Structure formats: C-alpha cells, structure tokens
1. Please enumerate the residues belonging to region 61-70 that are free of Cβ contacts under 8 Å to residues at least 24 places away in the same chain and either surrounded by 15 or more Cβ atoms within 10 Å (Cβ to Cβ) or not in a helix (DSSP H, G or I) (or both).
2. Identify, by number, the condition in (1) part of a loop (DSSP other than H, G, I, E, B); (2) within 27 Å of Ala43 (Cβ to Cβ); (3) at pLDDT 95 or above that Asp385 doesn't meet.
3. Out of all the residues in region 351-377, which are touching a Pro at 6+ places or on another chain (Cβ under 7 Å) and over 23 Å from Ala38 (Cβ atoms)?
4. Against the condition among the acidic types (Asp, Glu) and surrounded by 18 or more Cβ atoms within 10 Å (Cβ to Cβ), how does Glu147 come out, does it pass?
5. Specify the residue that is modelled with the highest pLDDT; the eligible residues are those in region 295-314 that are surrounded by fewer than 16 Cβ atoms within 10 Å (Cβ to Cβ) and under 11 Å from Arg283 (Cβ atoms).
6. In this structure, does Ala119 turn out to be surrounded by 22 or more Cβ atoms within 10 Å (Cβ to Cβ) and either under 23 Å from the mean Cα position of the chain (by Cα) or within 30 Å of Asp401 (Cβ to Cβ) (or both)?
7. Which residue is farthest from the chain's Cα centre (by Cα), if the candidates are limited to region 376-399 and must be farther than 15 Å from Pro324 by Cα and of a type in the set (Gly, Ala, Ser)?
8. Do we find a residue being within 25 Å of the chain's Cα centre (by Cα), closer than 30 Å to Ala142 by Cα, surrounded by 13 or more Cβ atoms within 10 Å (Cβ to Cβ) and not polar (S, T, N, Q) anywhere in region 232-251?
Amino acid sequence: MTVMRPRFLAILLISGVVSAQSVTPRDQAWRDDVAFFAQEFAARQLDFAKLYPRDQFDREINAITRAIPTSTDADIVLALMRLVASAHVGHTNVLRPSDGPLAFHRLPLGLQWYADGLAVTAATDPYREALGLRVVSIGALAPERLEAAVAPYLSYDHDGWLHQQSQSFMLMAEVLRAVGQVEADGRVAVTLARPDGTTTTLHLTPVPLQDHTPLVTAVEALGIPMGPARIQPLRYYRYEILPETKTLYIRYNKCADDPRQPFAEFAKELFVAVDGNPAAVARVVIDLRANGGGNSAVIEPLLQGLRSRTSLSGKGKLYALVGPGTFSSGLLAAVKLRSDLNAVIIGEPPGEKLNSYGEVRSLTLPNSHLAVQYSTKYFKLVGDDRADFEPDVVVKTSIADWLAGRDPVLAAAITHR
C-alpha cells in the first residue's frame, strides 16, 4: 500500500477542491502537471529538503495551483521557473519552451555583455542599424536593472552565470512582460547609444523562439577583424598554429565528440602536426571561454598528450582561457589543466563555483511536456562551498576591443611571461 506524504496530500486536496468546481480541460491538465512536478521533482532532485524548505515549496505549489484559472500558460511556466531557480543551482532549471503551444518568444537581436556594458552583436536585417551599438535600455530599464529584474527566473550559483544567461533572458518576451517592460501593442522599446553619443530607439516585435529568420552578425556587417576565437564559433573544437607567436591555439567549445571527428581523433591529428614540427610551437593556449560543459572525460586524450610532452606543458608554456561562459565540465577542464599540468589561467571567473551540483537528468511534465532539469550529484572539489575558481591573470574585454577585433584575453596569454 502506498502512503502519501501529508504535505503532498494537501496539494492534491487543494487541487481536488478546485477540481470539484467547474474547470476547463486546460486547467485540469495544468493542475495535474503541477501536482506531478511537486511529487517527482521533490523525489529526484538531490538534497531537495536542503535546497527547497518544504513549507515554502508547498506554499508556492499551492499558490501556483490556485492561480491556474486566471494565469496564462506563460505565467505558469514562469512561476515554475522562478520556484526551481530559487535554490540557486545552475544545473537545476525549467527549460524555456521552444516549440509547441507553450513556445516562448524573443526579440530579433543578439546581445553580449562586455566590461563596459551590453552591446548588440546580431540582429535580423530590418534592425541592422543596431549592430555594434551599446544598449541604453530595454523597456524602461537600463541593462543592469533589467538583469536584476529577470534574475529570479534564472538558475545560477555564480554571478558570472547570471551575466551569461541574462543575455538571452533579457530578450524573451514572456519574461519582459512579467517584469513590466512590454508595450501595450506587444512591442518592446530598445534604446541604443551611437558612438557619437546620440541615441536611437527601436520598437521590436517579438518572434517565436525558434524563428528561422537569419541573424546578421556585427562581425560580418561591420567588417570586424576575425581573430582565432571567432573562426568557426559553432564547431565543437578546432586548432591552429599561430606562426608569428609560435602558439598552438586550441578552441574547446563543447565537452562532447563531434560526429564529424571524435575528440580522440582530433587530439591525435593535433599532436601529429605538432610533433612533425616541434620548433613551430613554444606555448599552448586552450580556449574554454565558450565551453558550457558536457562529458568531462572527453578531454582526456588532450590532457594525456600534453602530460607526455613536457615542451607543451607547465608554467610559461600552457595557458587556459576562461570566462562567464565556462561552466560545468568546461570548468572541470580548467581545474584539471591548472592542477595536473600547471596551466596559467587567464580571463574572467567562470560561471560556476568550484563545489556545485551536476550530473543532470530531465523530467517531462505529462500534459504540457514542459522539461525540468534536476541534479543528481554534488561535486565537492574544495573544502569551502563558497569558493570560486579565480584566474591567475584577470583580463576583460570592452565593447571597443570587440569592435576593433582585439582579443585582450588571448593576447595576454600569448605575451605572458
């Protein structure tokens, strides 16, 4: 015989009381989904009781359930996102719906934070004039204030990951509506600053999250010089030898095997090239700035190859570049490079603390098909749970650096002594 926990039974009773009244199939489906979430998420998320005080969690679930008749689908999704994000666990989150009837919408832009502000890095062709400009406000809020407003919907345990993820959350129409930044006609005002100090305001109509209208990048539209970090940015990994500085540059974007070339084959090819002309390489730079994680074991062939070649590892020879986009297995790669091979770490702090939850699994709600990620393992690398992974040399990139095609982080690794 199955015995229900009293608190979960209370949630079901509230749902049942409301269900006894006249309800629509839509409302009942959401009630069933919320009840399913409350039971299954609590059972599956590691350290649930520590991360989500039970009384508070149940109150939130009951509030969401009672509000279903007067809530939009987006309201319910955002309420669940906010509840899950309240634990500040970067790997545990409600995924933004990208297709089907729940699909979220976004502004037709791409944004990126730099040391001195937020800039437009991509846009659909009608808004090409925005490319390269600094964002003054979205709606009525400056970027820093808007980031603070959307932060409760974001799962993060480090401010760097908030900064990284807010770039896309500040473009989501449903989130912007929740924080009061959508105009009555559904458009969003975005005010931008030109280099001469004047401003322009665009009124943007959101498009579906998976809209296929191509975005024009500032790099191509403005002719921004392409350094090594900007070449083939969507590839899992690539390498090149920079002859002027005798630098082996390795861009490691994803901890996964590329279907076109497994990482072990990539590493073998790389070392064949280096071993064939050892005088061509005096230092190695591994760029992890865009590495959001994956399988931590994938990088092992590269680490093994470096260990067996003392000319390519050690202080003054091996460098790793990190930033807010370095997360999960990407962070673990940086940790291994520093601890095992004495790599010098350059850039900005990664988007995750050294001790954090991971080993993600997914839970799908039966009616809405909303996906929820939960963590099943706690990685404890150091004694202090508050400890961050700090670079040996902190280097940041400004909007002016980006527009001029400069990469001060890579440059610091190449010139470091």
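1. Step one: of region 61-70, the residues free of Cβ contacts under 8 Å to residues at least 24 places away in the same chain are 63, 67, 70.
Those that are free of Cβ contacts under 8 Å to residues at least 24 places away in the same chain and either surrounded by 15 or more Cβ atoms within 10 Å (Cβ to Cβ) or not in a helix (DSSP H, G or I) (or both): none in region 61-70.
2. Going through (1) part of a loop (DSSP other than H, G, I, E, B); (2) within 27 Å of Ala43 (Cβ to Cβ); (3) at pLDDT 95 or above one by one, Asp385 breaks only (3).
3. So the first thing to find is which residues in region 351-377 are touching a Pro at 6+ places or on another chain (Cβ under 7 Å), and the list is 351, 370.
Of everything in region 351-377, just one residue is touching a Pro at 6+ places or on another chain (Cβ under 7 Å) and over 23 Å from Ala38 (Cβ atoms), namely Gly351.
4. Working: among the acidic types (Asp, Glu): yes; surrounded by 18 or more Cβ atoms within 10 Å (Cβ to Cβ): yes.
Answer is yes for this residue.
5. Among those that are surrounded by fewer than 16 Cβ atoms within 10 Å (Cβ to Cβ) and under 11 Å from Arg283 (Cβ atoms), it is Ser311.
6. Working: surrounded by 22 or more Cβ atoms within 10 Å (Cβ to Cβ): yes; either under 23 Å from the mean Cα position of the chain (by Cα) or within 30 Å of Asp401 (Cβ to Cβ) (or both): yes.
The answer is yes for Ala119.
7. Gly383
8. Within region 232-251 (the criterion being within 25 Å of the chain's Cα centre (by Cα), closer than 30 Å to Ala142 by Cα, surrounded by 13 or more Cβ atoms within 10 Å (Cβ to Cβ) and not polar (S, T, N, Q)), the answer is yes, since at least one residue qualifies.
The values are calculated or read from the model by the stated rules, or taken from the named source; none is laboratory data. If you're wondering where the values come from, they're calculated on a predicted model, not measured in any experiment. With ideal geometry, Cβ positions are generated from the backbone for all residues, glycine too; neighbour counts draw on all protein chains shown.
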